[in-house]
Amino acid sequence: MNQPIRLPQHRTLLAEDDLATVNLIAFVGLAGYLVLAIMRFQEYEWVSLNIPIIPVIEMIMILGWALSPKPPGLANHAPIILLGIVYFIASLSAGAEYSVEVTQNYFLNIAFVYIVLAQVAVDPERGDTIMAVFCSCMIVISLQCILMSIHPDHMGWTGLQAWERVDAVPSVWQVRYIGTLGDPNDLGMTLLASVPMIGYLTVSTRSPLLKLYFLVGLGMIVYTIYLLNSRGTVLGLAAVICVLGVIRFGMARAILVGVVAVPIAFAFAPSRMADSGMDQSALDRIDSWYNGMKMFTSHPFFGVGKDQYLVYHHKVSHNSWIEQVAEFGMIGYLLWNRIVLGALLDAFQMVVGDHRLKLAAATEVEENEKSVARVKRQAQQQGLKYEDMPAPPIVSGAQDLLATIPKTDVLRTQALLMSIVGLLVSIFFIDRSDSLITFLVCALIAGTLTRYEHKRPDIDWLPVAFWVYLGAFCALVVVYTSIQVFVLG
């Protein structure tokens, strides 16, 4: 008989009530902030609202969080605070006043939102509510984009017209929204992050009306991604589908299905996917990456400063990793990767932990059945009844733990893993290293991780920081060497 499954107990486990959550003021403030920061009703061309409503809502959110009890593991947010200090130092080259402004914007619009959201997500119900708020925003934006696509003049209700891409042959219209989502690539990245979340909400909710709402919304979001004609977003969506396939069917069957499905998918993909991978746009990006690495080598520690990329090169980086290392140097690059790649590894570990626990429980059931069968055979050989034999040893540690874990916990971590994978693939092709959506997904993972760390004794966590820093450094060396060999060589 194999050894029973042992669940390590080397960490302190906490009851659900011991995981402190923010008060209602901070929670409502966070939800309101996300709606205003994403939807931006106040910036519609036909709306005249001069009230600084977003800063007011954010101050309420931060005040509510300050008055809330703090959960264990708050020190894990040190990288996002340290990154703000790097923002300040790196931007001093453009002037002290500009540096203060950059740092203030970072803390108000990124760091504080991340910290509050990470604590909100410790509570699974409130984390799901934030997901629902975010996905609802994307459903409304998708509706605007769909109506924009069928409007004779390609106008949306925001007062903004779709973007005609004349560098494509033939020219194409790319739908868009207002604010930062006016760039189709940014909009695509944001929509893509919501796809796994809305899929999770569709499956997990018990309300038939909500299921229908989220299912229709999912269809609208995916169709809007098609309308965007953004190659990076389509590749990100393909990555999400690949991860889903591996989770559901295993690596071997997922690859087999992919071999058949990929040619079919490309046949129905947006028109720009058929463009050559080495068109002028692609060549311009490679040239920009080369110049971004030159910025890094000339300013290796803190970079050239926030938004200074265009001062040194005429074209944006079109790559968030290149943008980060060029503008904030090695220190900022490693801290940023600790947040985003750390979120990827954390989500992966949670999904793998769920899978291993399920396998451990199945192994226990199999071993217990073998034990019972063995005792029955011995009873038959001795001419006794099974009830008269000594009870066989029963192992149930993994089964007992699995029984306490809601199915929604497993589905949630899978959705978050797919969201961060799709997002990271998408931002590889655009320069949005400080996007609110990137940090939103990372914060949801951070909050879920806090809960897992204190409620899952079966998971032995890897030293994420070590592997992230090592991987990010090695990747930088590979990129730099590749540029030297293939661009300059």
field: Residues being on the phi > 0 side of the Ramachandran plot and either in contact (Cβ under 8 Å) with a residue 40 or more places away in the chain or out of contact with any helix residue (DSSP H, G or I) (no Cβ under 8 Å at 6 or more places or on another chain) (or both) - total across segment 134-190
entry: 2
- request: Within segment 66-84, identify whether any single residue is surrounded by 21 or more Cβ atoms within 10 Å (Cβ to Cβ), in contact with a strand residue (DSSP E or B) (Cβ under 8 Å, 6 or more places away or on another chain) and in a helix (DSSP H, G or I), and answer yes or no.
  value: no
query: Can you tell me how many residues in segment 109-123 are closer than 21 Å to ILE437 by Cβ and either among the β-branched types (Val, Ile, Thr) or out of contact with any helix residue (DSSP H, G or I) (no Cβ under 6 Å at 6 or more places or on another chain) (or both)?
result: 8
query: Of all residues in segment 216-225, how many are surrounded by 15 or more Cβ atoms within 10 Å (Cβ to Cβ) and more than 27 Å from ASN319 (Cα to Cα)?
result: 3
query: Does LEU228 qualify as being within 23 Å of the chain's Cα centre (by Cα), surrounded by 14 or more Cβ atoms within 10 Å (Cβ to Cβ) and at pLDDT 90 or above?
result: no
- prompt: In segment 371-472, which helices (runs of 4 or more DSSP H) lie fully inside it and hold 3 or more residues that are under 30 Å from GLY188 (Cα atoms) and polar (S, T, N, Q)?
  reply: 407-427, 436-455
statement: When ILE115 is run through (1) under 25 Å from THR202 (Cα atoms); (2) assigned to a helix (DSSP H, G or I), the failure sits at (1)
statement: Counting only residues in segment 288-307 that are polar (S, T, N, Q) and either free of Cβ contacts under 8 Å to residues at least 24 places away in the same chain or surrounded by fewer than 21 Cβ atoms within 10 Å (Cβ to Cβ) (or both), the one farthest from GLY232 (Cα to Cα) is identified as SER298
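Results for (1) buried (at least 18 other Cβ atoms within 10 Å of the Cβ); (2) farther than 29 Å from GLN119 by Cα; (3) touching a residue at least 12 places away in the same chain (Cβ under 8 Å), shown as yes or no for each residue.
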| position | (1), (2), (3) |
| --- | --- |
| VAL375 | no, yes, yes |
| VAL421 | yes, no, yes |
| PHE429 | yes, yes, yes |
| LEU440 | yes, no, yes |
| THR448 | yes, no, yes |
| GLU453 | yes, no, yes |
| ILE459 | yes, no, yes |
| PRO463 | no, no, no |
- prompt: Pick from SER149, SER91, SER136: which is of a type in the set (S, T, N, Q) and at pLDDT 95 or above?
  reply: SER136
query: Do the conditions hold for VAL421, that is, is it out of contact with any strand residue (DSSP E or B) (no Cβ under 7 Å at 6 or more places or on another chain) and closer than 24 Å to ASP354 by Cα?
result: yes
- prompt: VAL35 passes all but one of (1) modelled with pLDDT of 75 or more; (2) among the aliphatic types (A, V, I, L, M); (3) over 16 Å from GLY127 (Cβ atoms); (4) loosely packed, with under 14 Cβ neighbours inside 10 Å; which number fails?
  reply: (4)
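The values are calculated or read from the model by the stated rules, or taken from the named source; none is laboratory data. This is a predicted model, so every value here is computed, not measured. No Cβ is skipped: glycine too gets one built from the backbone with ideal geometry, and neighbour counts run over all protein chains shown.
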